[in-house]
Amino acid sequence: MKELLKKYIEGKTDATETETVENWILSSDKNQKTYNILKTANTINSFEETEAQINVDKELIKLEASKTKSSKSIRTYYKYAAIFIVLLGGAYIFLIQNSFQQKSIPENAITLTLDDGTIKVISENSEEEILSSTGKMVGVKGLNKIVYKNIANNIETEAVSYNTLNVPYGKQFNLELADGSVIYLNAGSRITYPTNFNGQKHREVLISGEAFFEIAKDTLHPFVVRANNLGVQVYGTKFNVSAYKEDATVQTVLVEGSVGLYSENEDKKTETTFLKPGYMATWEKADENISIGKTDVSIYTSWMQGELVFKHMPFRNILKKLERHYNVSIDMPTDSIANLTFTASFNEDKALPEVLETFKQYYGIHYQINNNKVNIY
């Protein structure tokens, strides 16, 4: 990919190569940083190679000399100016390209970003092959699920690559990894995972949002879920992780087995906290503290059956879950209502108006629905 990036920076790529590079750049912040670094290095090298041929205004040289600036400082000035211009221009290009690509993909589409940056819209009701960046089949997409098991295991020579699956509000999707582990993704979730585990000491995935994990047991290759700076290490178990970006905490609920949780920030790892079945670990993002408490696990896993279960939950938190589940925007009420706690449950057949009508009947709230926007008062 580095050689292709260099070719792109020098303006020598054809239409297909250009599209491949631009998709790769737009797929992650890390890729954008890599591109900027290479672009800057190329600019500086070009400057140094042609510096002797540049016709610099003699009066400018005299002015700089009068300020006791050496030719070395002039050279340094232009280098940093080049860096600034490249970074500024790169940021502008990324904004324009990202805006264009976002407009071409429906907001409610499930998407799969391949290792080379290619973004595919995933149909929930069709079957198709999932190809690697080299064109080899590494998975199959069935109804509401992508499966890498067995297929990827037979490709021993295939290099490890990472895909990112994005599930928007109002939808759910399942994923079966090459080791047989199954992951159920809730609405508004995103997971980055390897298409195979060839030669990997650890099996690692990165999650944002909410997911239920059924991990295939492999004591020689621990499975690690990363959410923000929290690490959850397991060997074979079932558990739920809720790690939405807008929430102040990351919650891990253990159904069976055993997991260890730790904070990892700036290459520093805290002591591992172990969780037992029937308990929930709450990790505070602000201070990175972990607290443990016994809980009813069904409350935190009912979403897989399409059910909504709230137990002594603040109304503001309930509304956020409704937003994700029904893919709507809800104007939050005043603190006097938002901080009240409620207990309620709704099955998967309940439409949003019915849910809101229940809260109106029993709790005295009022609401208005306008397309996909809801006002609570």
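The values are calculated or read from the model by the stated rules, or taken from the named source; none is laboratory data. Everything numeric here is computed off the predicted structure, so don't read it as measured data. Ideal geometry is used to build each Cβ from the backbone, glycine not excepted, and the neighbour counts take in all protein chains shown. Calculation scope for accessible area: heavy atoms of the full protein, side chains included, ligands and nucleic acids excluded. Shrake-Rupley method; radii C 1.70, N 1.55, O 1.52, S 1.80 Å.
Counting only protein heavy atoms and using a 1.4 Å probe, the accessible area of residue 120 comes to about 70 Å².
Charge dipole (Cα centre; +1 on Lys/Arg Cβ, -1 on Asp/Glu Cβ; no other charges) of the range 246-377 amounts to roughly 320 debye. Solvent-accessible surface of protein heavy atoms, probed at 1.4 angstrom with all chains present, puts 366, 325 in the order 366, 325, largest first. Kirkwood analysis of the Cα pair distances in the range 166-216 returns a hydrodynamic radius of 11.4 Å.
Of the residues 240, 283, 265, the one whose Cα sits farthest toward the positive end of the charge dipole of the range 225-291, with +1 on the Cβ of Lys and Arg and -1 on the Cβ of Asp and Glu, is 240. So what is the diffusion coefficient of the range 319-377 in µm² per second by Stokes-Einstein at 20 °C and 1.002 mPa s, using a Kirkwood Rh over Cα pairs? Taking Rh from Cα pairs, D becomes 180 µm²/s.
Taking every protein chain into account, the 1.4 Å probe leaves residue 356 with about 0 Å² of accessible area, to the nearest ten. Gyration tensor over the Cα atoms of the range 247-377: the corresponding equivalent ellipsoid has semi-axes (square roots of 5 times the eigenvalues, largest first) of 32, 17, 13 Å. In this Cβ point-charge picture (+1 for Lys and Arg, -1 for Asp and Glu), the range 190-296 has a dipole of about 320 debye about its Cα centre.
Could you tell me which of 205, 169, 216 has its Cα farthest along the dipole of the range 136-254 towards the positive end, charges placed at Cβ (Lys, Arg +1; Asp, Glu -1), taken about the Cα centre? The residue sitting most towards the positive pole is 169. Shown for the range 235-317: the carbon plus sulfur share of the solvent-accessible area, taken with all protein chains present and a 1.4 angstrom probe, equals 47%.
The packing ranking, built from the mean of other Cβ atoms within 10 Å per residue, places the peptides 211-221, 251-261 in the order 251-261, 211-221, highest first.
Local charge for residue 365 was computed over the other residues whose Cβ lies under 15 Å away, with Lys and Arg +1 and Asp and Glu -1, and equals -2.
Counting 0.36 nm for each residue step from residue 296 to residue 370 and taking away their Cα separation leaves a gain of 23.1 nm.
Panel values: the range 219-296, Kirkwood radius from alpha carbon pairs, Stokes-Einstein at 37 °C and 0.692 mPa s, translational diffusion coefficient 262 µm²/s.
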